[in-house]
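These notes concern the structure reproduced below.
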């Protein structure tokens, strides 16, 4: 009996196996998820630019897309977003709309990341005869490039700064179908190691966690979980141990004139100035000339200049807690930059976004005044002479269009000076920069003359009667203009 049963099984098993195989082959293949990946950047240098991509990996599926909306979070104290540009995949397919915006987005439950970025793109805008010629079906490539400036703060050395997808609401980090009738949402989300799946983990990906199709109900469109998101990071390199502060060119001799030349070139051309030394990270570490733990600062350059000129000794002890405010006022209408500070300054290092050509109104003394346009910023370096520090007033006018975005400054005693930037119209007589001329301007200039207040920010430095000095006569002149119909401020200036 057992033999007959065994024989019967052998007879029927073969056709059953074939039938099962045919049924398996007849089932539709499971579509592979599409990956959206933020890249990793290794060995980023403090003070340098890092370029991070957002890429699509869609070669395993024939899925098509008509748009995307990504929300990205990062640490704004370690990274400064400079710009975002479309990736090669958008260009190769002729997509018609790309935009980005940084800043807070919606309610994060009181725990918003310090840096947030939204990137949006559409294939078709129905704006005429031109149309996109592909919708990423089966294609892979870059969707966007993010340009960050890495902080030159020494505390970030040897650290990894995550750049992650972030969820606040259901419309974040989604891709649309071509017809707009379906939303493709997250299936899995991986931390920057690309090994730890954080999907559903409390506290990851958003203040409510990662939102996917199971969390979101859409009344008129379908939502499916077919996207795998991979977070990225910027890994900041470790500076070498500093054998000799000030030996920036790494020739074994510190605080030479050639070290000062190389350091000056850094402010004008970036980290490429250190390449001739053979080890950029070692040169970066050696720029901490004033021993405050922060390399690549304007204060270091000024202190190195003082050492080279015999005005100071190496390895100072930083002044604990010393801080003074300096105000750099840009007047875009009159194309000028004015400075107000209670201390005379050694100069400044400025970044103006745009191509401008400055004309300096301050004495051209000391190391000099330089300006170079690097394709994005005009880099301006002003380093004077200890015997002739720079005072308040208009430092330079300029031709071209640009926005002052960054300033470093100090005096000739290595004082920490916090630089504040404002873009205001500084008409003559508008002492406080409020945009109009009224009694508050008179009060402002009286405090400056008699109580040591901040200097006027107007284009003539408070000299409204044009006698080459800001004094009580200017107060009387301005009062007469406001209340008695006297001549306008600077009406008699030549």
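The values are calculated or read from the model by the stated rules, or taken from the named source; none is laboratory data. Just so it is clear, the model here is predicted, and its values are computed rather than measured. So basically every Cβ, Gly included, is an ideal-geometry build from the backbone, and we count neighbours across all protein chains shown.
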**Complete:** When segment 314-366 is checked residue by residue, the ones that are closer than 19 Å to residue 289 by Cβ and modelled with pLDDT of 90 or more are 345, 346, 347, 348, 349
**Prompt:** Among 46, 104, which is the only one that is surrounded by 17 or more Cβ atoms within 10 Å (Cβ to Cβ), on the phi < 0 side of the Ramachandran plot, assigned to a loop (DSSP other than H, G, I, E, B) and within 22 Å of the chain's Cα centre (by Cα)?
**Reply:** 46
**Fill in**
Screening 75, 69, 43, 48 for residues that are touching a helix residue (DSSP H, G or I) at 6+ places or on another chain (Cβ under 6 Å), at pLDDT 50 or above and assigned by TED's automatic domain parsing to the domain that holds residue 126 leaves only 48
**Request:** Please specify each residue of segment 246-269 satisfying the condition of being assigned to a helix (DSSP H, G or I) and surrounded by 17 or more Cβ atoms within 10 Å (Cβ to Cβ).
**Result:** 259, 260, 262, 263, 264, 265, 266, 267
**Prompt:** Quick check, is residue 100 more than 19 Å from residue 51 (Cβ to Cβ) and touching a strand residue (DSSP E or B) at 6+ places or on another chain (Cβ under 6 Å)?
**Reply:** no
**Asked** If only one of 441, 414 is crowded, with 16+ Cβ neighbours inside 10 Å, over 26 Å from the mean Cα position of the chain (by Cα), under 18 Å from residue 348 (Cβ atoms) and modelled with pLDDT under 85, which one is it?
**Response** 414
**Complete:** Going through (1) more than 24 Å from the chain's Cα centre (by Cα); (2) modelled with pLDDT of 90 or more; (3) closer than 25 Å to residue 291 by Cβ one by one, residue 409 fails only at (1)
**Request:** Answer with yes or no whether residue 420 is within 18 Å of residue 395 (Cα to Cα) and modelled with pLDDT of 80 or more.
**Result:** yes
**Fill in**
Within segment 383-421, residues in a strand (DSSP E or B) and closer than 25 Å to residue 471 by Cα come out as 388, 390, 393, 394, 395, 396, 397
